[in-house]
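Data block below; observations after.
The values are calculated or read from the model by the stated rules, or taken from the named source; none is laboratory data. Worth saying up front: this structure is predicted, and the values here are computed from it rather than measured. Note: ideal-geometry Cβ built from the backbone for every residue, glycine included; neighbour counts use all protein chains shown.
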Amino acid sequence: MQLGKLRLSGFKSFVEPATLSIEPGLTGVVGPNGCGKSNLLEAIRWVMGENSPKSMRSGGMEDVIFAGTATRPPRDFAEVVLSGTRSDGDELEVMRRIERGAGSAYRLNGRDVRAKDVALIFADAATGAHSPALVSQGKIAQVIAAKPTERRQMLEEAAGIAGLHVRRRDAEAK
Ligand code: ATP
Ligand code: MG
């Protein structure tokens with residue numbers, strides 16, 4: 001899947017609506033400390049269905065909603081929209097919204113859907129929230145510090161061949 005546009009509103013530090021174009025070839029986001037680089041990557045994971053507050057650096061899921069500052073009141077909801085083109089050429093727009101006290105709601109191309117429907121779309125490890133294509137902060141240092149066998153596993157996951165060993169062992173056993 002080729003990601004297209006990311007729209008955020010009320011998500012973490014992105015309190016005002018903001019749009020980011022994810023052009024082919026984009027490999028990194030640079031900017032001063034605290035400007036929201038990691039928040040952007042977390043927004044991509046979140047709209048794909050990420051439900052672990054820890055991987056959002058949050059205590060609870062509602063913590064992704066703009067919490068307010070000395071000069072701005074907090075928001076009641078956070079919304080992220082991700083558009084993209086699937087490998088079969090179909091256009092896709094996924095929206096996730098969380099409201100205080102009301103949990104998350106999802107829309108797929110404008111239609112209300114269940115979390116499960118979005119999870120199915122991104123179930124493939126190559127496209128989902130845990131895709132090795134999404135390299136978060138500290139991951140590079142982790143790759144460098146890893147033992148050779150661990151590093152090989154990471155590379156195999158990135159190359160999409162991690163499942164092959166299991167299938168080969170299965171085939172050899174038959
Ligand atoms: P670094 O270069 O240090 O890695 P970064 O660009 O990755 O920084 P982020 O971690 O994405 O920065 O953004 C951090 C900012 O987001 C902090 O100022 C933090 O207060 C703000 N932030 C996070 N969650 C919320 C929230 N729920 N409401 C308001 N601001 C938030
Ligand atoms: Mg960061």
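Checking 27, 19 one by one, the residue that is outside any helix (DSSP H, G or I), farther than 22 Å from residue 72 by Cα and hydroxyl-bearing (Ser, Thr, Tyr) is 27 and no other.
Looking only at residues that are among the charged types (D, E, K, R) and in contact (Cβ under 8 Å) with a residue 60 or more places away in the chain in the range 1-19, which one is farthest from residue 128 (Cα to Cα)?
Of all residues in the range 1-19, those among the charged types (D, E, K, R) come to 5, 7, 12, 16.
Next, from what is left, pick out any that are in contact (Cβ under 8 Å) with a residue 60 or more places away in the chain: 5, 7, 12.
Details: 5: 16, 7: 18, 12: 21 Å.
For the range 1-19, the residue satisfying everything is 12.
Only one of the listed residues (23, 42, 62) is within 12 Å of ligand 1 (Cβ to nearest atom), of a type in the set (Asp, Glu), in the same structural domain as residue 121 (by TED's automatic domain parsing) and over 22 Å from residue 117 (Cβ atoms). That residue is 62. Figure legend. Inter-residue proximity from the range 21-34: first residues hydroxyl-bearing (Ser, Thr, Tyr), second residues within 16 Å of ligand 2 (Cβ to nearest atom) and in a loop (DSSP other than H, G, I, E, B), beta-carbon distance below 9 Å, spacing 6+ or different chains. Indicated pairs: 27/135.
When residue 2 is tested against (1) away from ligand 2 (no atom under 16 Å from the Cβ); (2) within 14 Å of residue 78 (Cα to Cα), just one condition goes unmet, and that condition is (2).
Filtered by the rule that a residue be assigned to a helix (DSSP H, G or I) and among the charged types (D, E, K, R), the range 116-146 gives 116, 117, 139. Summed over the range 53-89, the residues that are within 16 Å of the chain's Cα centre (by Cα) and loosely packed, with under 11 Cβ neighbours inside 10 Å give a count of 1.
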